[in-house]
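Down below is the structure, laid out as structure tokens.
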Amino acid sequence: MFILSQLKVLLPLLKLGKAGGAIITMAVSIWAYALRFPWQFAVGFVLLIFVHEMGHVWASKRKGLPVSAPVFIPFLGAMINMKRHPRDAATEAYVAMGGPLVGTLGAVLVLAAAYIWDSGLLYSLAYTGFFLNLINLLPIHPLDGGRIATAVTRWLWLVGLIGGLVVIVYLKSWLFFLIWAMFAYDLYVKYVKNRKGGKPTDIRSVSLTFMVPAEPLIEQGYILPGPEHKRELPFTTYTDLKDETQRVDLFWEGLNFHGTVPMTQQGLIHRAHVTGLERIQKDEGLQLAIHCQVDYSPYVNDKYYEVLPATRWKFGIGYMSLAAALLLLMFGVHELSGISFMGR
């Protein structure tokens, strides 16, 4: 209700484009965290998350991958949307590594400021920043560590599966349990359920509605189908080399219709079909809304995980070194501040 009451204040920020959305979600997150923690801590905590996400943005730009501005979700953190997926596991790991690496550097600056001004608040923020980045290094999808593991060895996912249970018990966090449960189910689908052979079991769908002028069709003598009409559609699929997005072209010769559905991920297309139609009267005339659906199975190319041994060693050493450094920094905060952070 508070957010709704402040919409008049927040709406002008939307004129800032991508930055406007980031600023609004940052403000909402600060407000949400301030309900539980001192507002100074809430501001610092959200800024540390921002630095972490900007590490991903920086790494993505270095690899030529377009990304969105960060979007903050209270009590969940933040996320960026990659408009084009990495071509290989090494690129995915590079982008994932950018977050905890830059995030750790940001927390180190906070620790330096805490030491200079002997600030308990800044010590708490530094410790939280180190802990936040360390948790993100757990080899669990969709955490950064789970993505880095793709370039080191996927056996680390098994370590994350077992170690995640220990973290759940320690943190007593239902949110982390949900993340772990989704990760465990994803591993089951990939390496157990879908490896049994036979027909694919992981069937997903992409839906899109196309608007077609109806009056020219009526004038040409076409009989418009009813709202419950369903039919299979012939299709062709290809990958656009410009943005590496798979697209599915749909055809309905009876209505002289041609539409294109962009896929959210690479997939093996099983069928394209019409799920329903609507007649919508608009100012420009009668429109026929064609609801289309494309059913597919995600395609995982094993070559995606082919990484040169030298690259695997580089990411492995960097991954373990960063995790060890974060543990030492957390211990250092404890020693410098004289405050125990391990309890609640």
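Quick notes on this structure:
- The number of residues in the range 163-181 being without any contact (Cβ under 8 Å) to a residue 40 or more places away in the chain and within 27 Å of ASP88 (Cβ to Cβ) comes to 3.
- Residues within the range 127-148 that are among the aliphatic types (A, V, I, L, M) and not in a helix (DSSP H, G or I), tallied: 4
- Elements of type strands (runs of 3 or more DSSP E) in the range 200-285, at least 1 residues being among the hydroxyl-bearing types (Ser, Thr, Tyr) and over 26 Å from LYS303 (Cβ atoms): 204-213, 257-262, 267-282
- Selection from the range 47-76 of residues that are more than 15 Å from GLY98 (Cα to Cα) and in contact with a Leu (Cβ under 8 Å, 6 or more places away or on another chain): PHE75, LEU76
- Residue identified as within 19 Å of ALA324 (Cβ to Cβ) and in a helix (DSSP H, G or I) among ALA112, ALA151: ALA151
- Filter result for PHE315 (outside the structural domain of MET211 (by TED's automatic domain parsing) and either in contact with a His (Cβ under 8 Å, 6 or more places away or on another chain) or of a type outside the set (D, E, K, R) (or both)): yes
- Taking the range 174-210 as the range and being at pLDDT below 80 and farther than 26 Å from GLN293 by Cα as the test, the residues that pass are TYR191, VAL192, ARG195, LYS196.
- Checking PRO66, PRO100 one by one, the residue that is closer than 27 Å to THR311 by Cβ and at pLDDT below 95 is PRO66 and no other.
The values are calculated or read from the model by the stated rules, or taken from the named source; none is laboratory data. In this text the structure is predicted, and so the values were computed from the model without any measurement. Please note: Cβ atoms are built from the backbone with ideal geometry, for glycine as well, and neighbour counts cover all protein chains shown.
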